[in-house]
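First comes the structure, then the notes that go with it.
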Amino acid sequence: MRVYVPLTLPGLAEAHRTGELGSGPFVAYAVTPALREWYLSDDIEELEYAALSRAALASLRQLAAGEPGAGRRRVVVAVDVPDRTAMPDPDRGLDPAALGEVRVTGPVPLAKTAAVHVDAADAEADVAAAVTALPAAEGGDDDAQFVVDGAEDHELLWYATQEIPALVGLS
């Protein structure tokens, strides 16, 4: 199963240092039955993009909760894991906040990464504004949601795994 793991640049640097995305359990996003039902599409590429987008929003939340000095770029790592290690939370059902969410229970070596998706440098101002606006947006403020949507207008760029050192400033 392909899962999308939300991170930050410091989180990606830590994964590079340790060689794993996490030992589990941790939250990732995937094409789940609830996401399929919500999205109403059978196109797997559209569904995967929806899961990637959900992970990008989770990365934005990590930025809002994390270090103020962390680079204001969303980071999502696409990785393939055994189906049995990534399961939706049955207690969350069709909760809109949990669409596509899975809990990865086992360790995930960074070597299993298929790709890394990161905002371009020109997205940083919009992502920083979205980080500030996120609490109000999640509280229902339409103006704040407009700011968050501004960050979501930026497409995440695709990077190969061998480019991770350059992304985290190690080369």
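What follows is calculated from the coordinates using simple rules that are stated; it is not laboratory data. Keep in mind the model is a prediction, meaning the values are calculated, not measured. Heads up, the Cβs are rebuilt from the backbone with ideal geometry, glycines too, and the neighbour counts pull from every protein chain shown.
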Specify which of the listed residues (Y49, Y4) is under 12 Å from the mean Cα position of the chain (by Cα), outside any helix (DSSP H, G or I) and hydroxyl-bearing (S, T, Y). Y4
Examine segment 63-78 for a residue that is crowded, with 19+ Cβ neighbours inside 10 Å and farther than 26 Å from A151 by Cα, and state whether such a residue exists. no
Listed by first then second residue, the pairs whose first member lies in segment 74-89 and is within 14 Å of A56 (Cα to Cα), whose partner is surrounded by 13 or more Cβ atoms within 10 Å (Cβ to Cβ) and of a type in the set (D, E), with beta carbons under 6 Å and at least 6 positions apart or on separate chains, are R74/D119
Pull out all pairs, ordered by first then second residue, where Cβ-Cβ is under 8 Å, the residues are six or more apart or on different chains, the first lies in segment 27-51 and is of a type in the set (D, E, K, R), and the second is in a helix (DSSP H, G or I) and crowded, with 18+ Cβ neighbours inside 10 Å. R36/L47
How about segment 81-135: which of its residues are under 21 Å from G150 (Cβ atoms), more than 18 Å from the chain's Cα centre (by Cα) and part of a loop (DSSP other than H, G, I, E, B)? none
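A quick yes/no check of all residues on (1) without any contact (Cβ under 8 Å) to a residue 40 or more places away in the chain; (2) in contact with a strand residue (DSSP E or B) (Cβ under 6 Å, 6 or more places away or on another chain); (3) surrounded by 12 or more Cβ atoms within 10 Å (Cβ to Cβ):
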position	(1), (2), (3)
L110	no, yes, yes
T113	no, yes, yes
Q145	yes, no, yes
D153	yes, no, no
A160	no, no, no
All but one of (1) within 18 Å of E152 (Cα to Cα); (2) part of a helix (DSSP H, G or I) hold for W38; state the number of the condition that does not hold. (1)
